[in-house]
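The values are calculated or read from the model by the stated rules, or taken from the named source; none is laboratory data. All values reported here derive from a predicted model rather than from experimental measurement. Every residue, glycine among them, receives a Cβ derived from its backbone with ideal geometry; neighbour counts consider all protein chains shown. In case anyone asks, the SASA skips ligands and DNA or RNA and just uses the protein heavy atoms, side chains included. Shrake-Rupley method; radii C 1.70, N 1.55, O 1.52, S 1.80 Å.
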Amino acid sequence: MPHLHLEYTANLTGLAVEKTLLRLNNVLMASGQFGSEFDIKSRAVKVESFQVGTSINPRGFIAVTLSMLSGRSPQVKQQLSQSLLAALQDLGEWPANVQLQLSVEVLDIDRDSYSKVAIG
Amino acid sequence: MPHLHLEYTANLTGLAVEKTLLRLNNVLMASGQFGSEFDIKSRAVKVESFQVGTSINPRGFIAVTLSMLSGRSPQVKQQLSQSLLAALQDLGEWPANVQLQLSVEVLDIDRDSYSKVAIG
Amino acid sequence: MPHLHLEYTANLTGLAVEKTLLRLNNVLMASGQFGSEFDIKSRAVKVESFQVGTSINPRGFIAVTLSMLSGRSPQVKQQLSQSLLAALQDLGEWPANVQLQLSVEVLDIDRDSYSKVAIG
């Protein structure tokens, strides 16, 4: 942990995915909340099939979910959420004709039943 | 929010994915629980690698997860879940040889640490 | 339920995905926690875009999430988590140059708002 999931709709064709993940990981490290950079596991998935609302207007979204071991304060979670959202907003250059929504959710991982091992 | 995730196994070849998402979004709007249709963000993912149980019989599933900001009553969640399941059942015309399971799960999003912005 | 999600990074080229899912399902059945093998719905997703930490070293991960109806004890969850992790470790033969992390998370599904139906 932490685990970060980023979903982006396929109409956001200019998104530099790998660069974005690295940037978000740097935001997480800069927060001081995580002991080792090695622990931060982030992935991005392009969403090919999606529907925003009930309109046929061009719309899209980037949805980030940050999952962390339980125990952090509401304030810390809020700060991390807002820092990640700010980093997304900084990505800039969105398609002009797409109504875009960016969101960040923070999830608790149950600490007692989380298992992990590093190999190699 | 809300966010809706739909997973469907690749052996459900007749599924009209975009139409299904629009239908589910309409179900959500009709519930009266959400202020703006624009807020409903739904996506579908085709699952290519899957295993149902320990048998080699042809099986498949559609699994929907609805994530909403925390605070709604158990009754509201139950109703939304059942409405979405009913809409899935109405999709009809399943492959005759596939043992199919449909499911709907409702998840809380922690309200305090959820961040969102709309662009464009 | 239960639902199992397995994510694996694309650099784990030797992973026998279908065999792995079947093995994990067998682990779940052997736990005695689930009444019917038919209920176990597992899927795997290959993660093409990912970033572990802030380094460019070759790294990868397998992340398993097990979602079960709420109500099981912390001990049961811990045992299931450790059994699944042990099964992952037994898969053996990892790419020699990839720093690999294996993890298992256990999630509660809200029992009251979970809906399911079997067809065919």
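Worth a mention:
- Crossing angle, helix C:17-30 versus chain C [Cα axis fit, 0-90 degrees, rounded to tens]: 40
- Computed from backbone phi with θ = phi - 60° and the Karplus coefficients 6.51, -1.76 and 1.60, the 3J(HN,Hα) list for region A:61-78 is 7, 10, 10, 10, 10, 10, 10, 10, 4, 4, x, 7, 6, x, 5, 4, 5, 5 Hz; x is used for glycine and proline.
- Using θ = phi - 60° and Karplus 6.51 cos²θ - 1.76 cosθ + 1.60, couplings along region A:81-86 (whole Hz; Gly, Pro as x): 4, 5, 5, 5, 4, 4
- Subset of B:LYS41/C:LYS19; B:LYS46/C:LYS77; B:LYS46/B:LYS77; A:LYS41/C:LYS77 violating a 30 Å alpha-carbon distance limit: B:LYS41/C:LYS19
- Projecting 7 Å from Cα along the Cα-to-Cβ direction, the label point of C:GLU93 sits 4.3, 4.3 nm from its equivalents in the other copies, listed shortest first.
- Cα gyration tensor category, rounded, prolate or oblate, for region C:67-120 with a/c compared to 1.5: prolate
- Accessible solvent surface per residue of the protein assembly as shown, calculated while the other protein chains remain in place, 1.4 angstrom probe, Å²: 42
- Helical content of the protein assembly as shown, expressed as a calculated mean residue ellipticity at 222 nm, amounts to -8000 deg cm²/dmol (DSSP H runs of 4 or more residues, -39,500 (n - 2.57) each, divided by residue number, nearest 500).
- Accessible surface buried once A binds B (1.4 Å probe; total of both sides; Å²): 2500
- Each residue of region B:43-56 was assigned a 3J(HN,Hα) from its phi angle through the Karplus curve 6.51 cos²θ - 1.76 cosθ + 1.60 (θ = phi - 60°); the sequence is 8, 10, 10, 7, 9, 7, 10, 7, 8, 9, x, 10, 9, 9 Hz, with glycine and proline shown as x.
- Anisotropy class of chain A from Cα gyration tensor, a/c 1.5 cut: prolate
- Distances between equivalent label points of B:PRO58 across the copies, with each point positioned 7 Å along Cα→Cβ, amount to 4.0, 4.0 nm, shortest listed first.
- Inter-copy label distances at C:GLN79, shortest first and taken from points set 7 Å along Cα to Cβ: 4.1, 4.1 nm.
- For the protein assembly as shown, the fraction of 1.4 Å probe accessible surface lying on carbon and sulfur atoms is 49 percent.
- Each residue was assigned an accessible area with a 1.4 Å probe, and for B:PHE50 the value is about 40 Å².
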